[in-house]
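**Q** Attaching a single structure in structure tokens format; questions to follow.
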Amino acid sequence: MTKPFLLPFLLLITAVYGQTDSELKPGDTLQYIPQSRKPAWISVQSNDANLAVSLFVDGKKMNEQDDSRGIKSIERVHYIPGKGKKYELKIWAKAYTEKSKPARVSITESGSIPVLNNQVSSDLLLEDLHVFRSIRENVNSGLYVYRTKKQIDSIYTWAEGEVKNTKNLFDFYKVIAKLTDFEGSCHNFTNLPNHASYYLTQKPEYLPITLKNIDGRLLQNSKDVAIPLGAEIMSINGIPAQEMIRRLSGYYFSDGFSMPYKETAGFEKGMLDKFYMEFGTHKNYTINYQWNNKVQQIVLPGISLENLKKLQESRFSISSKKTSSEKYSLDKVGENMYRLSIKAFDFATGEKDPAYKKFGDFLDNMMQTLESEKITNLIIDLRGNPGGTGELYEKVFTYLTQRPFRDSHYAYTKFNEVPMGERLVITPLFLSNGVKDQTGVNAYLKDLYPRGIQGKFYWADNKNPLLLPNKKTFKGQLYLFIDENVASAGSHLASLIKSYTNAIIIGKETVGGYYEHNGHLPVIYELPNTGIQTGFSIVHVIQDAQVLPDQDKGRGIMPHIKIQQTNQEFLDQTDVYLKKVLELQKQ
């Protein structure tokens, strides 16, 4: 149901063009018509829900935004009216704490926006730290998988000392992020209540280049800037490249002790927020770089946040790639060789979804093609696959194996009645399953994890059936492409392929674990004073994986052949994976 409303009046206050309040019921959408005839910031906030917004121009959706995840957080949209254009903002609630409920929504149009206050008393920060620890100890089944109780006690003793000496939200967040990372799960996350950029300066003090970590080297990743594309960055404002990699890695999390994802993710995902939380903003950037075997220095002025966003969106490493919107595809890449590429497993919700059947038909057609052309070499390309629905990765493996298998040997959580429900966030996942409050969450959990044995509640047998191979399976030589971004259902499939097929694994260690991981069902809690949200998957999964000599506990799927890229291959955008497999074929 959509409820349109117009701004009833304009407030004649300097820099404020309009303000209104309205009620948003669960499941409804507010429709707001901007009033300003000049460029403006539209700020949307509710004390009762986390809000998402979309801007429409002449009926066409231009963007969808949920930058700030806290329940009392702010969403900011920059609006530039065009002559003769019709603009509309749609607003809806994505999440609540404890239960879904009507939410009061405030909408403000203004010519400028303030920098949010990030000061909180140390007493309130300490209270949030204690709540954070209680959440982990009562809810997280993965807390002691890679760490002993003594290690956990020790790091919390350190955290107490740090928090007692700060009143800064960023400093507190860094402590919480370190605790989140220490547990060792790629499904862990901890978010500020508002997007970090809302706490940062609006002045032009942002880095005027982009960076990419290629095997431990930071390369300049933008065209048409003062430093050559592909130049190796040695330091920025006196901070060496290796220190930047190390410090930024602490904001990103992996299963066990896997490092490749942590060391690269910040330069792909964190250059609008985490980078400046860690290293600050500056009027000028002194950059030492190496080009043509010579180290050079240049001083560049900072740029605006809006220009930084444009720079990030046009990075060479993403803008030069030929990309398809298809989640999966089959293409011939050489004589007697096809490649099955699967970008994610998020295109169907389960076996009853029509997209699941479509995928099954696609795989059947793939087998017909491979058989009719007598193809004996098949690449499974999972690079960048972050996971998704379990039934989809299982479906793929039925075409690659000759043995029955299960999703896992077993899987369990610590409870089937959620602890600390007053801090629990009712997420889009719960809402999409008709779960609106703690009572609904408990009923949902009891259906999935009915059996309690010695403090562990196990996944229902009917949720983990024995899966049989497809009637037609590929029996030739398999190759598996993996990289540091492969996680969750993606790494689970990679684990099965490595464990039970003849596949030659090419690439880099995955962020998702080989033997075990926490997955299946994510939950999110919100801390009472800062509004920081912290989440993790509550189910510990012991995967159906053989013990292998090159697979230590706490590591991702390890490749048989590790891939590295030269600076020239980066500039040429060479597919070094495909290059390697074609070389192997010629041997």
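Residue-wise test of (1) buried (at least 20 other Cβ atoms within 10 Å of the Cβ); (2) touching a residue at least 40 places away in the same chain (Cβ under 8 Å); (3) farther than 30 Å from ILE152 by Cα.
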position	(1), (2), (3)
VAL44	yes, yes, yes
ASN47	no, yes, yes
PRO81	no, yes, yes
GLY84	no, no, yes
LYS94	no, yes, yes
ARG104	no, yes, yes
GLU109	yes, yes, yes
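**Q** Okay, moving on. Quick check on segment 94-126: of everything there that is touching a Lys or Arg at 6+ places or on another chain (Cβ under 9 Å) and in a strand (DSSP E or B), which residue is farthest from VAL441 (Cα to Cα)?
**A** GLN119
**Q** For GLU205, state whether it is farther than 29 Å from VAL486 by Cα and either crowded, with 20+ Cβ neighbours inside 10 Å or in contact (Cβ under 8 Å) with a residue 40 or more places away in the chain (or both). Reasoning before the result, please.
**A** On the way: farther than 29 Å from VAL486 by Cα: yes; either crowded, with 20+ Cβ neighbours inside 10 Å or in contact (Cβ under 8 Å) with a residue 40 or more places away in the chain (or both): yes.
So GLU205 fits the description; yes.
**Q** Restricting to segment 134-151, and then to whatever is closer than 19 Å to GLY535 by Cβ and without any contact (Cβ under 8 Å) to a residue 24 or more places away in the chain, can you tell me which residue is most open to solvent (accessible area, probe 1.4 Å)?
**A** As a first pass, look at segment 134-151 and keep what is closer than 19 Å to GLY535 by Cβ: 134-147.
Cutting the leftovers down to without any contact (Cβ under 8 Å) to a residue 24 or more places away in the chain gives us 137, 144.
On the way: GLU137: 67, TYR144: 96 Å².
Of everything passing the filter in segment 134-151, TYR144 is most open to solvent (accessible area, probe 1.4 Å).
**Q** Now for a separate question. For LEU467, are the conditions met, namely being open to solvent by 30 Å² or more (accessible area, probe 1.4 Å) and in contact with an Asp or Glu (Cβ under 6 Å, 6 or more places away or on another chain)? Even if it seems obvious, please write down each step before you answer.
**A** Values: open to solvent by 30 Å² or more (accessible area, probe 1.4 Å): yes; in contact with an Asp or Glu (Cβ under 6 Å, 6 or more places away or on another chain): yes.
Considered against the rule, which asks whether it is open to solvent by 30 Å² or more (accessible area, probe 1.4 Å) and in contact with an Asp or Glu (Cβ under 6 Å, 6 or more places away or on another chain), LEU467 comes out as yes.
**Q** Output the number of residues of segment 397-411 satisfying the condition of being open to solvent by less than 50 Å² (accessible area, probe 1.4 Å) and either closer than 21 Å to ILE538 by Cβ or out of contact with any helix residue (DSSP H, G or I) (no Cβ under 6 Å at 6 or more places or on another chain) (or both).
**A** Qualifying residue count, segment 397-411: 6.
**Q** Confirm whether ILE287 is of a type in the set (A, V, I, L, M) and touching a Gly at 6+ places or on another chain (Cβ under 8 Å). Step through it out loud before you land on a result.
**A** Details: of a type in the set (A, V, I, L, M): yes; touching a Gly at 6+ places or on another chain (Cβ under 8 Å): no.
Spelling it out, it is not the case that ILE287 is of a type in the set (A, V, I, L, M) and touching a Gly at 6+ places or on another chain (Cβ under 8 Å).
**Q** Here is a follow-up. Quick one: how many residues across segment 527-550 are more than 16 Å from VAL441 (Cα to Cα) and touching a Leu at 6+ places or on another chain (Cβ under 9 Å)? Walk me through it before giving the result.
**A** So in segment 527-550, the residues more than 16 Å from VAL441 (Cα to Cα) come out as 527-534, 540-550.
Subset that is touching a Leu at 6+ places or on another chain (Cβ under 9 Å): 527-534, 543-545.
Going through segment 527-550 one residue at a time, the tally reaches 11.
**Q** Could you run through segment 234-259 and say how many residues are of a type in the set (Ser, Thr, Tyr), under 15 Å from the mean Cα position of the chain (by Cα) and either part of a loop (DSSP other than H, G, I, E, B) or over 18 Å from PHE189 (Cβ atoms) (or both)? Walk me through how you get there before you give the answer.
**A** Step one: list which residues in segment 234-259 are of a type in the set (Ser, Thr, Tyr), which gives 235, 249, 251-252, 254, 258.
If we keep only those that are under 15 Å from the mean Cα position of the chain (by Cα) as well, we get 249, 251-252, 254.
Keeping just the survivors that are either part of a loop (DSSP other than H, G, I, E, B) or over 18 Å from PHE189 (Cβ atoms) (or both) gives 251-252, 254.
Here the count works out to 3.
**Q** Follow-up. Out of all the residues in segment 569-587, is one or more outside any helix (DSSP H, G or I), loosely packed, with under 12 Cβ neighbours inside 10 Å and without any contact (Cβ under 8 Å) to a residue 12 or more places away in the chain? Steps first, please.
**A** First pass over segment 569-587, keeping only residues outside any helix (DSSP H, G or I): 573-575, 587.
Among the residues that remain, those that are also loosely packed, with under 12 Cβ neighbours inside 10 Å are: 587.
Among the residues that remain, those that are also without any contact (Cβ under 8 Å) to a residue 12 or more places away in the chain are: 587.
Yes, segment 569-587 has at least one match.
**Q** Being under 22 Å from the mean Cα position of the chain (by Cα) and either open to solvent by less than 60 Å² (accessible area, probe 1.4 Å) or at pLDDT below 90 (or both) is the filter here; which residues of segment 333-348 pass it?
**A** At the first step, the residues of segment 333-348 found to be under 22 Å from the mean Cα position of the chain (by Cα) are 341-348.
Scanning segment 333-348 gives SER341, ILE342, ALA344, PHE345, PHE347, ALA348.
**Q** Restricted to segment 171-186, and to residues that are open to solvent by less than 20 Å² (accessible area, probe 1.4 Å), in a helix (DSSP H, G or I) and not charged (D, E, K, R), which residue is nearest to MET277 (Cα to Cα)?
**A** TYR173
**Q** So which of LEU480, LEU445, LEU493 is more than 24 Å from VAL576 (Cα to Cα) and of a type in the set (A, V, I, L, M)?
**A** Working: LEU480 fails: more than 24 Å from VAL576 (Cα to Cα); LEU493 fails: more than 24 Å from VAL576 (Cα to Cα).
Being more than 24 Å from VAL576 (Cα to Cα) and of a type in the set (A, V, I, L, M) holds for just one of LEU480, LEU445, LEU493, which is LEU445.
**Q** Could you tell me whether any residue of segment 535-555 is among the aromatic types (Phe, Trp, Tyr), in contact with a helix residue (DSSP H, G or I) (Cβ under 7 Å, 6 or more places away or on another chain), open to solvent by less than 10 Å² (accessible area, probe 1.4 Å) and in a strand (DSSP E or B)?
**A** Filtering segment 535-555 down to residues among the aromatic types (Phe, Trp, Tyr) leaves 536.
Filter once more, keeping what is in contact with a helix residue (DSSP H, G or I) (Cβ under 7 Å, 6 or more places away or on another chain): none.
So far as segment 535-555 goes, no, none of its residues is among the aromatic types (Phe, Trp, Tyr), in contact with a helix residue (DSSP H, G or I) (Cβ under 7 Å, 6 or more places away or on another chain), open to solvent by less than 10 Å² (accessible area, probe 1.4 Å) and in a strand (DSSP E or B).
**Q** From the list LEU300, LEU330, LEU305, exactly one residue is hydrophobic (A, V, I, L, M, F, W, C) and either within 30 Å of LEU467 (Cα to Cα) or open to solvent by 30 Å² or more (accessible area, probe 1.4 Å) (or both). Which is it?
**A** Working: LEU300 fails: either within 30 Å of LEU467 (Cα to Cα) or open to solvent by 30 Å² or more (accessible area, probe 1.4 Å) (or both); LEU305 fails: either within 30 Å of LEU467 (Cα to Cα) or open to solvent by 30 Å² or more (accessible area, probe 1.4 Å) (or both).
Being hydrophobic (A, V, I, L, M, F, W, C) and either within 30 Å of LEU467 (Cα to Cα) or open to solvent by 30 Å² or more (accessible area, probe 1.4 Å) (or both) holds for just one of LEU300, LEU330, LEU305, which is LEU330.
**Q** Residues that are within 23 Å of GLY360 (Cβ to Cβ) and at pLDDT 90 or above, at least 3 per element: which strands (runs of 3 or more DSSP E) completely within segment 413-509 meet that?
**A** Output list reads 477-482.
**Q** Since GLN202 meets every condition but one in (1) under 28 Å from the mean Cα position of the chain (by Cα); (2) outside any helix (DSSP H, G or I); (3) modelled with pLDDT of 95 or more, which condition does it not meet?
**A** Among (1) under 28 Å from the mean Cα position of the chain (by Cα); (2) outside any helix (DSSP H, G or I); (3) modelled with pLDDT of 95 or more, the lone unmet condition for GLN202 is (3).
**Q** If you don't mind, there's one more thing I want to ask. Got a sec? Which of LYS294, LYS262 is out of contact with any Asp or Glu (no Cβ under 6 Å at 6 or more places or on another chain), among the charged types (D, E, K, R), open to solvent by less than 60 Å² (accessible area, probe 1.4 Å) and modelled with pLDDT of 95 or more? Full working, then the answer.
**A** Values: LYS294 fails: open to solvent by less than 60 Å² (accessible area, probe 1.4 Å).
After ruling out the rest, the residue left standing is LYS262.
**Q** Continuing with this model, one more query. Step by step: first the residues of segment 156-169, then only those that are hydrophobic (A, V, I, L, M, F, W, C) and crowded, with 16+ Cβ neighbours inside 10 Å, then the one that is farthest from SER141 (Cα to Cα). Which residue is that? I'd like the intermediate steps shown before the answer.
**A** Applying the first criterion (hydrophobic (A, V, I, L, M, F, W, C)) to segment 156-169 yields 158-159, 163, 169.
After this cut, where a residue has to be crowded, with 16+ Cβ neighbours inside 10 Å as well, the list is 159, 163, 169.
On the way: ALA159: 21, VAL163: 26, LEU169: 28 Å.
Among them, the one singled out is LEU169.
**Q** Taking the condition of being open to solvent by 20 Å² or more (accessible area, probe 1.4 Å), assigned to a loop (DSSP other than H, G, I, E, B) and small (Gly, Ala, Ser), how many residues in segment 381-396 meet it?
**A** First, pick out the residues of segment 381-396 that are open to solvent by 20 Å² or more (accessible area, probe 1.4 Å): 383-384, 386, 388-391, 394-395.
Narrowing the set further to residues that are assigned to a loop (DSSP other than H, G, I, E, B) leaves 383-384, 386, 389.
Cutting the leftovers down to small (Gly, Ala, Ser) gives us 384.
Residues in segment 381-396 being open to solvent by 20 Å² or more (accessible area, probe 1.4 Å), assigned to a loop (DSSP other than H, G, I, E, B) and small (Gly, Ala, Ser): 1 in total.
The values are calculated or read from the model by the stated rules, or taken from the named source; none is laboratory data. This one's a predicted model, so the numbers in the text were calculated from it and none came from an experiment. FYI the Cβ positions are ideal-geometry reconstructions off the backbone, even for glycines, and counts take in every protein chain you see. The area values use the complete protein model at the heavy-atom level, side chains included, leaving out ligands, DNA and RNA. Shrake-Rupley method; radii C 1.70, N 1.55, O 1.52, S 1.80 Å.
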